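Enquirer: Could you have a look at this structure, given as structure tokens, before my questions?
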Amino acid sequence: MDGSEFLHSSIKQFEYYKQLGDRAFAQLGDEQLFRRFDDQANSIAILVGHMVGNMLSRWTDFLDSD
């Protein structure tokens, strides 16, 4: 599999998982998204924000830089 095929496959997977996430979030209200279960836990909103930052970092300039 060359880089172009891998990138296309990865984009398709991200689109699929984004759709699943969007459908899950549509079932939650704002209170549920921002609720912390205890003082040591992050809310769903915080966790998703961390994941977004991680993915942006990992996929920015993919195949061109590290």
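Bear in mind these aren't lab numbers, they're just calculated from the coordinates by the rules spelled out. As the structure is a computational prediction, the values presented were derived from the model and not from experiment. Here the Cβ positions follow ideal geometry from the backbone for every residue, glycine too, while neighbour counts run over all protein chains shown.
Enquirer: Determine how many Å³ per residue the convex hull of the Cα atoms of region 3-59 encloses.
Expert: On the way: hull volume 4.6 nm³, N = 57.
Dividing the Cα hull volume of region 3-59 by its residues yields 80 Å³.
Enquirer: Please give the helix 3-25 orientation as an angle from the longest Cα principal axis of the chain, in degrees from 0 to 90, rounded to the nearest 10.
Expert: Taking Cα atoms only, the helix is inclined about 10 degrees.
Enquirer: While we're on this one: Sort 46-53, 26-33 by the packing proxy (mean of other Cβ within 10 Å over each peptide's residues), most packed first. Can you show the working numbers first?
Expert: Working: 46-53: 11.5, 26-33: 9.4.
Highest mean packing first, the order is 46-53, 26-33.
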